[in-house]
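> The structure follows.
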Amino acid sequence: MRCLFEVDLKDYDGCSKVFRRPSARAIIFNRDKIALVYATNEKYYKFPGGGIRDDEDRKQALIREVKEESGLVVIPESITEYGSVLRRQRSDRDEDTVFEQENYYYLCRTENIAGSQNLDEYEKEAGFKLVYADIDEAIKVNGEYKSDIYFNEVMIGREKRVLELIKDEMIKQHLG
């Protein structure tokens, strides 16, 4: 899978452990909108998806996470690689640990009707809601996002950059 970019804060000097948490994230279009999870309480957009369990491959995790976070059912044969982003920074939970996350982004289609979500507690607290957003609006909102938790700002900054790449590629395809 092609590397889209890396986010390496290099803020982990002296750390003796590495915690790896790979994730799979979906890029889903519905006409001129993009399916995203909107955090109604935190005011940011993210791609549906999340952590890959030890017993899963990336595509299995993508299908499971998209269903849990958005209620959408991914059509397995529609899944194609888009690119990955490696994120590396000091953990927000253990100061002796580097948090390393390879985020695998996939283009895919879903069934037309969304079912119910199955959210974790932190996702419920954030107010996760499936929306079909205008890509410019999502980029703008994520660009304005501020949090008391810098760890979250880095994550939302990553999502903003991926949205910008997608937008740039859409423009090039349209003009090409």
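The values are calculated or read from the model by the stated rules, or taken from the named source; none is laboratory data. Computed from a predicted model, the values in this text were never measured in an experiment. Heads up, the Cβs are rebuilt from the backbone with ideal geometry, glycines too, and the neighbour counts pull from every protein chain shown.
> Tell me the residue from Ile149, Ile171, Ile75 that is modelled with pLDDT under 95, over 22 Å from Glu6 (Cβ atoms) and surrounded by fewer than 16 Cβ atoms within 10 Å (Cβ to Cβ), please.
Working: Ile149 fails: over 22 Å from Glu6 (Cβ atoms); Ile75 fails: modelled with pLDDT under 95.
Matching residue, one of Ile149, Ile171, Ile75: Ile171.
> Follow-up. Here are the criteria: (1) touching a residue at least 60 places away in the same chain (Cβ under 8 Å); (2) under 18 Å from Glu123 (Cα atoms); (3) in contact with a Phe, Trp or Tyr (Cβ under 8 Å, 6 or more places away or on another chain). Tell me which single one Asn41 does not satisfy.
So Asn41 meets the others, but not (3).
> Something else: Within the stretch 66-81, restricting attention to residues that are free of Cβ contacts under 8 Å to residues at least 40 places away in the same chain and assigned to a helix (DSSP H, G or I), which residue is farthest from Lys46 (Cα to Cα)?
Step one: of the stretch 66-81, the residues free of Cβ contacts under 8 Å to residues at least 40 places away in the same chain are 75-80.
Then drop every residue that is not assigned to a helix (DSSP H, G or I), which leaves 76-78.
On the way: Pro76: 21, Glu77: 23, Ser78: 21 Å.
Looking at residues that are free of Cβ contacts under 8 Å to residues at least 40 places away in the same chain and assigned to a helix (DSSP H, G or I), I get Glu77.
> Being buried (at least 19 other Cβ atoms within 10 Å of the Cβ) and either at pLDDT below 95 or among the charged types (D, E, K, R) (or both) is the filter here; which residues of the stretch 110-135 pass it?
Of everything in the stretch 110-135, just one residue is buried (at least 19 other Cβ atoms within 10 Å of the Cβ) and either at pLDDT below 95 or among the charged types (D, E, K, R) (or both), namely Ala126.
> So, in the stretch 1-39, of the ones that are buried (at least 16 other Cβ atoms within 10 Å of the Cβ) and of a type in the set (Ser, Thr, Tyr), which residue ends up nearest to the chain's Cα centre (by Cα)?
The selected residue is Ser23.
> Scan the stretch 128-176 residue by residue and report those that are among the β-branched types (Val, Ile, Thr), in a helix (DSSP H, G or I) and without any contact (Cβ under 8 Å) to a residue 60 or more places away in the chain.
To start, the set of residues in the stretch 128-176 that are among the β-branched types (Val, Ile, Thr) comprises 131, 135, 139, 141, 149, 154, 156, 162, 166, 171.
Those left that are additionally in a helix (DSSP H, G or I): 135, 139, 141, 154, 156, 162, 166, 171.
Those that are among the β-branched types (Val, Ile, Thr), in a helix (DSSP H, G or I) and without any contact (Cβ under 8 Å) to a residue 60 or more places away in the chain: Ile139, Ile171.
> Might you check whether a residue that is aliphatic (A, V, I, L, M), within 16 Å of Gly14 (Cβ to Cβ) and touching a Cys at 6+ places or on another chain (Cβ under 8 Å) occurs anywhere in the stretch 78-97? Don't jump to the end; show me each part of the working.
The first filter runs over the stretch 78-97 and keeps only residues aliphatic (A, V, I, L, M), leaving 79, 85-86.
From what's left, within 16 Å of Gly14 (Cβ to Cβ): none.
No, the conditions are met nowhere in the stretch 78-97.
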